[in-house]
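Each remark here refers to the structure printed beneath this line.
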Amino acid sequence: MKFLLRIGFLALISTWWVDGGMGAFTDLMVDLTLVKSAVAKGAVCLDGSPPGYHIQRGFGSGANNWLVDLEGGGWCSDKWSCQYRIKTPLGSSKYMEKIFFPAILSNRSEENPDFYNWNRVRVRYCDGASFAGEGYNKELGLYFRGQRIWSAVMEELMGLGMSSAKQALLSGCSAGGVASALHCDNFRALFRPQTIVKCHVDAGLFLDYVDVSGQRGLRSVFDSVVTFQGVAQNLPESCTSRMNASLCFFPENFLNGIKTPMFLLNTAYDTWQIENSLAPVSVKDGPWKFCRLNYTKCDSSQIEFLQGFRKRMITVAESFYQSKATNGVFINSCFTHGQSVLPGTWHGKDYPSIENKGVAQSVGDWYFNRSKVKLIDCPHPCDTTCHNYVS
């Protein structure tokens, strides 16, 4: 289980390399800023080191607009997986370095037409519970302070000028997408009423779905994360008042209660969920050995199972869209995980699209109210625009 929780991050990094290599990112590397004042508040990474973020200032018409992106990278749910992370950037700022700002964080208008000149921030993920934990394990020396990290970084950004923003967007991918959903209304509450504030969730729609062995493996993982890291107290009360707290770590169970406008971006065949939840490592030597890692190796019965997962994804997305007139949805049928953080899939000619609309255009159209956005793709294998993805 401990390995399962970090595969998503490693897969994302490998996809970046395959999709264009380092050359795709040479235009912009951004220094790390540590929030040293956070230590006194107990807002620290798993190992007790200060949290950090990367920022590039906006300019021109975007100088007073802010995009805050929450980094993803799985979760840790026990002493083994959390102790592993403290030797990596996912658990300690001691290992954090400069990073690239691609796709939704890019400063190039041809790659990021709607947000390229905004103040763009990437908040580093070093708590292992989607910026939502609260606790301390004295025996292990592990700090579960995700909620405090969120508060400390937001406080610093507000002091840097975000408090007077005209427009703001909270974004996140994967575990960062879960965090974006969890903190969306709190983010809205930071600003003046006249500030336009919205949230974007990429690859964060993790489903409580029965896996190929008849179990609910991801439910077990989330239950362990919530319990081990003291997350329950920071989950939406609108959800915890009606069901077990661990179920309220699944966005599907609290999305409809979020008041702030939100855009849901996901693939109906999320490869992280296929590899780690639907056909987890525990079944790797069975009939799913090859299919779980490469959909072209799936037989007809396995594709049928994945189509059932897609139907559930669409049901949740439809309900979310109908819950609020200001919401937006983009659910395509590619096999991947994360679409707003990769330059090969976010924006460009001949990139993945639905009804001739790509990801970046769809997010922009929704944010700026250029049009309503409810784009749900047809089932695999009908989409012929998925060629930039690596399954």
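The values are calculated or read from the model by the stated rules, or taken from the named source; none is laboratory data. Bear in mind that the values here come from a model prediction, so they are computed numbers and not experimental data. In this analysis, Cβ positions are derived from the backbone assuming ideal geometry, glycine residues included, and neighbour counts consider all displayed protein chains. These accessible areas exclude ligands, DNA and RNA; they are computed on the full protein's heavy atoms, side chains included. Shrake-Rupley method; radii C 1.70, N 1.55, O 1.52, S 1.80 Å.
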**Hits among aspartates and glutamates - C-alpha to C-alpha of K94 under 15 Å, sequence gap 8 or more where chains match** = D31, D47, D127
**Fill in**
Scalar couplings 3J(HN,Hα) for the stretch 340-356 by Karplus 6.51 cos²θ - 1.76 cosθ + 1.60 (θ = phi - 60°), nearest whole Hz, x for Gly and Pro, are 9, 9, 10, x, x, 10, 6, 7, x, 5, 6, 8, x, 7, 10, 6, 6
**Prompt:** Hey, if you put +1 on the Cβ of every Lys and Arg and -1 on every Asp and Glu Cβ in the chain, which of P102, L34, V283 ends up farthest toward the positive end of that dipole?
**Reply:** L34
**Asked** Sequence-distant or interchain residues sharing an amide H contact under 5 Å with L28, placed H: which?
**Response** F101
**Request:** Once you have all Cα-Cα distances for the stretch 57-214, histogram them in 5 Å bins from zero and send the whole-percent values.
**Result:** 2, 9, 17, 20, 19, 15, 9, 6, 3, 1, 0
**Cα convex hull of the stretch 131-212, projected area averaged across orientations, nm²** = 7.5 nm²
**Request:** May I ask you to evaluate 6.51 cos²θ - 1.76 cosθ + 1.60, the Karplus curve with θ = phi - 60°, for each residue of the stretch 316-321 and list the ³J(HN,Hα) values in order in whole Hz, giving x for glycine and proline?
**Result:** 5, 5, 4, 4, 4, 4
**Message:** Just to be sure I understand: of the beta bridges DSSP finds with both ends in the chain, what percent are antiparallel, rounded to 5?
**Reply:** 30 percent
**Fill in**
Net charge (Lys, Arg +1; Asp, Glu -1) of residues whose beta-carbon lies under 12 Å from that of I149, I149 excluded, is -1
**Request:** Could you work out the equivalent-ellipsoid semi-axes for the stretch 309-375, taking the square root of 5 times each eigenvalue of the Cα gyration tensor, largest first, in whole Å?
**Result:** 20, 16, 9
**Request:** Kindly write out, for the stretch 181-189 in residue order, the coupling ³J(HN,Hα) from the Karplus curve 6.51 cos²θ - 1.76 cosθ + 1.60 (θ = phi - 60°), rounded to whole Hz, with x marking Gly and Pro.
**Result:** 5, 4, 9, 4, 5, 5, 4, 4, 5
**Complete:** Restricting to lysines and to Cα separations under 18 Å from K41, and discarding same-chain partners fewer than 8 apart, the set is K138
**Accessible surface of the stretch 32-169, 1.4 Å probe, proportion on carbon and sulfur as whole %** = 50 percent
**Asked** Dipole magnitude of the chain about its Cα centre, charges +1 at Lys/Arg Cβ and -1 at Asp/Glu Cβ only, in debye to the nearest 20?
**Response** 640 debye
**Prompt:** Can you work out the base-10 log of I(q)/I(0) for the chain at q = 0.07 1/Å, using the Debye formula on its C-alpha atoms alone?
**Reply:** -0.28
**Prompt:** So which residue, out of T315, T227, T336, gets the largest mean-square fluctuation from a GNM of the chain using Cα contacts under 10 Å as springs?
**Reply:** T315
**Complete:** When the chain is treated as a Gaussian network with springs between alpha carbons less than 10 Å apart, the largest mean-square fluctuation among L264, L160, L278 is found at L160
**Item:** Taking the chain and dividing mean pair separation by its residue count, relative contact order in percent (alpha carbons under 8 Å, at least six apart)
**Value:** 16 percent
**Prompt:** Which value, in Å² and to the nearest 10, is the accessible area of R57 when all protein chains are kept and the probe is 1.4 Å?
**Reply:** 120 Å²
**Message:** Connecting C-alpha atoms closer than 10 Å in a GNM of the chain, tell me which of F101, F144, F368 has the biggest fluctuation.
**Reply:** F368
**Prompt:** Gap in Å between the Cα centre of the stretch 93-116 and the Cα centre of the stretch 238-308?
**Reply:** 27 Å
**Prompt:** Does the stretch 215-287 come out rounded, prolate or oblate, given a ≥ b ≥ c as the square roots of the eigenvalues of its C-alpha gyration tensor, rounded meaning a/c under 1.5 and, failing that, prolate meaning a/b above b/c?
**Reply:** oblate
**Message:** Considering just Cα atoms, how many Å³ per residue does the convex hull of the stretch 193-238 enclose?
**Reply:** 126 Å³
**Message:** Which of rounded, prolate or oblate describes the stretch 95-134 when judged by the alpha-carbon gyration tensor and an a/c cut-off of 1.5?
**Reply:** prolate
**Request:** Classify the stretch 283-348 as rounded, prolate or oblate, taking a ≥ b ≥ c as the square roots of the eigenvalues of its Cα gyration tensor: rounded when a/c is under 1.5, otherwise prolate if a/b is larger than b/c and oblate if not.
**Result:** oblate
**Request:** With viscosity set to 1.002 mPa s and temperature to 20 °C, compute the Stokes-Einstein D of the stretch 236-391, Rh being the Kirkwood radius across alpha carbon pairs; µm²/s, no decimals.
**Result:** 128 µm²/s
**Asked** Rank M29, M96 by accessible area, highest first, at a 1.4 Å probe radius?
**Response** M29, M96
**Prompt:** Hey, with R₀ at 25 Å, roughly what FRET efficiency would N137 and S241 work out to, going by the Cβ-Cβ distance, to 0.05?
**Reply:** 0.35
